[in-house]
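Asker: Pasting a structure below so you can have a look.
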Amino acid sequence: MCGIVGIVGREAVSGQVVDALRRLEYRGYDSAGIATLEAGRLERRRAEGKLSNLQLKLLQNPLAGAIGIGHTRWATHGRPNETNAHPHATERLAVVHNGIIENFRELKAELAAQGCAFETETDTEVVAQLVSHLMRTGLGPVAAVEAALPRLRGAFALAFLFAGQEDFLIGARHGAPLAVGFGDGETYLGSDALALAPSPTRSPISTRATGPS
Ligand code: GLU
């Protein structure tokens, strides 16, 4: 189980997301990735291996979004390569996940039968596709996530970023930790409070655990 970070910020957050992922490196990982919104559109950068590989991609191809999610992956389902690295995305949303979706095979078969095309070998992609599918039926982001969560078996922490939603992330957890931090005009999600530790230039962040798992 590796690292999740989410930041709703006031200026470009990709540097802060990578810094927070670095504070989670102690947990171990095999690949890393980040998603932000550029003019409301989802943009991703992902890389196999060390965070420095992701940083190189960000240097070559920067992200300017003021909201973002990031992930360090310890592969449980699917090879540790760039395709399987999180965030996983559809045209509507991007999601990062720690843990295991135990019933992903059944969900994948069900969604494939309804026309969803899968790109990765991961259990996590079913979450992206399931929530997207529910949104296509007319549900908004919150209602779609609320409808999707009871269908997931296993232990998980999740952070969702939605196209066109510049000031809004959804975090959810069941049997895995996810901390929420409140800064000065900024809000954070993280796998642990360490991920939310403020940089010296930022005001202190209060953290609290989310509701019962
Ligand atoms: N089960 C997911 C995967 O293999 C998440 C693993 C993790 O917690 O990093 O991609």
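Asker: Specify the residue with the greatest mean-square fluctuation among Ala89, Ala20, Ala64, computed from a Gaussian network of the chain linking alpha-carbon atoms under 10 Å apart.
Answerer: With Cα springs under 10 Å in the chain, the top fluctuation among Ala89, Ala20, Ala64 is at Ala64.
Asker: Return a whole-number percent for the relative contact order of the chain, with Cα pairs under 8 Å and 6 or more residues apart as the contact set.
Answerer: Working: 501 pairs, mean separation 48.9, N = 213.
Worked out over the chain, it gives 23 percent.
Asker: Over region 15-92, calculate the relative contact order: mean separation of alpha carbon pairs under 8 Å at least 6 apart, over the residue count, as a percent. Numbers along the way, then the final one.
Answerer: On the way: 136 pairs, mean separation 29.5, N = 78.
Over region 15-92, the number comes to 38 percent.
Asker: Which helices of the chain meet both criteria: a Cα extent of 15 Å or more along the helical axis and a mean Kyte-Doolittle score no lower than -1.0, with helices taken as whole DSSP H segments?
Answerer: 125-136
Asker: If you average the sequence gap of Cα pairs under 8 Å that are 6 or more apart and divide by the length of region 68-175, what percent do you get for the contact order?
Answerer: Values: 164 pairs, mean separation 32.7, N = 108.
In percent, rounded to a whole number, it is 30.
Asker: To continue, here is another question. At a 10 Å Cβ-Cβ cut-off, how would you order Thr72, Thr122, Thr83, Thr90, fewest neighbours first?
Answerer: Thr83, Thr90, Thr122, Thr72
Asker: Per-residue counts of other Cβ atoms within 10 Å, averaged by peptide: what ranking do you get for 189-195, 30-36, 114-120, highest first?
Answerer: Ranked by mean Cβ neighbours within 10 Å, highest first: 30-36, 189-195, 114-120.
Asker: Something else about it: What does the charge add up to near Asn81, with Lys and Arg as +1, Asp and Glu as -1, over the other residues with Cβ less than 13 Å from its Cβ? Don't skip to the end; give the middle numbers.
Answerer: Details: positive: Arg46, Arg73, Arg79; negative: Asp30, Glu48, Glu82, Glu119, Glu121.
With Lys, Arg at +1 and Asp, Glu at -1, the neighbours total -2.
Asker: Please give me the summed charge of the neighbours of Val8: other residues whose Cβ is under 10 Å from its Cβ, Lys and Arg +1, Asp and Glu -1. Could the numbers behind the result be given before it?
Answerer: Working: positive: Arg10; negative: Glu166, Asp167, Glu186.
Residues close to Val8 contribute a combined charge of -2.
Asker: What is the dipole size for region 1-110, taken about its Cα centre, with +1 at each Lys and Arg Cβ and -1 at each Asp and Glu Cβ, in debye to the nearest 20?
Answerer: On the way: 15 positive and 12 negative charges, 33 e Å.
The dipole of region 1-110 has a size of about 160 debye.
Each reported figure results from applying straightforward, stated rules to the coordinates on display, with no laboratory input. Being a predicted model, the structure only gives us computed values, none of them experimental. Cβ sites come from the backbone with ideal geometry, for glycine too, and all protein chains shown count toward neighbours.
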